[in-house]
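> The structure's right below; bear with me while I get my questions together.
Just so you know, all these numbers are worked out from the coordinates, no wet-lab data involved. On a predicted model such as this, the values are computed, not experimentally measured, just so you know. Cβ placement follows ideal geometry from the backbone for every residue including glycine, while neighbour counts extend to all protein chains displayed.
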């Protein structure tokens, strides 16, 4: 990439970072005052934190992307990325983040049973989630985002033709947003794994010259980095489904319009595994552990594993930050594997 092109990546990312910080600081007291809260079950005092603060990430990401479009529209530079793809991505992330917000605000005055545990947040019914997240795929379908030819590892290139925008994209968006939503429950686990996956996509884009993928993943990485300061242990907020749906969608959008589906498939594989682990128990699963008197957590279902977190806690009882750190290590391993497979393919 040319020198001036790096600047067009850096400025939107800086704007995304700043807007995410400002919006998060605004939303935390506002949402808590409005009653959009969630219980932090991992803390001894079961504290109540502002929920659905992931809206700040979606907003920061959208403003960062529109900053690039602003510069291109006013001829501050010659745009490299296709603006219709960028607008489609912004609309998709915004729509799905709003869907997550609807899920987050279903807070009850009394405790209800949700995902195998009692909580004040009931959320949407299981069948409603894929249906509503399908709406987020429409913008990417409308602009026929991406390239229909995908290189499948160990098989080769395959041209999906018209099936790509009509079938592959909606399935990818629905699956990615919902699968990313399944892995959480511990401070920093969702934002940490998302940061690592996003960094992997960013580095891949820079090394192999996919500018549009670099722009989307770079702006998202900046928003996640800003948000991490509030959500790592001990978290000051609950990201909520508005966060997980938005990030899952943004990740898959960067893979699609950045033409890195094969690489992204490996990077996203931990969430695919999480999806099938949850499916074994009809998605009525909690990722959380049983808190012990020493502050460590034991697996909630004994030796039965319905989540990555259960497998991690079965290694030995761990503190909350250790569970998140181990899961981040798992994602680092898959990102490394994706790069190894790419390098082997080039030999």
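> Before anything else, pin down the relative contact order of the chain: Cα pairs under 8 Å, at least 6 apart, normalised by residue count, whole percent.
Relative contact order comes out at 22 percent.
> Using a Gaussian network model on the chain with a 10 Å cutoff between Cα atoms, which of 208, 59, 269 fluctuates the most?
208
> When only alpha-carbon atoms count, how far does the stretch 3-267 stretch along each of its three principal axes, as whole angstroms with the largest first?
So the extents along the principal axes, rounded to whole Å, are 52, 38, 29.
> Between the stretch 168-195 and the stretch 1-63, what is the separation of their alpha carbon centroids in Å?
Using only Cα atoms, the two centres lie 16 Å from each other.
> If you build a Gaussian network model of the chain, linking Cα atoms that sit under 10 Å apart, which residue out of 143, 162, 90 swings the most?
Highest fluctuation among the options: 162.
> Oh, and also: Would you mind classifying the stretch 209-307 by shape? Square roots of the alpha carbon gyration tensor eigenvalues, ordered a ≥ b ≥ c; an a/c under 1.5 is rounded, otherwise it is prolate if a/b is larger than b/c and oblate if not.
Values: a/c = 2.87, a/b = 1.55, b/c = 1.85.
Judged from the Cα gyration tensor, the stretch 209-307 comes out oblate (a/c at least 1.5, b/c at or above a/b).
> Here's another thing I want to ask about it. Which of the peptides 253-260, 77-84 is most tightly packed, and how do the rest follow, going by the mean number of other Cβ atoms within 10 Å of each residue?
The packing order, highest mean first, is 253-260, 77-84.
> Sort the stretch 291-341 into rounded, prolate or oblate with this rule: let a ≥ b ≥ c be the square roots of the eigenvalues of the Cα gyration tensor; rounded if a/c is under 1.5, and if a/c is not under 1.5, prolate when a/b is larger than b/c, oblate otherwise.
Judged from the Cα gyration tensor, the stretch 291-341 comes out oblate (a/c at least 1.5, b/c at or above a/b).
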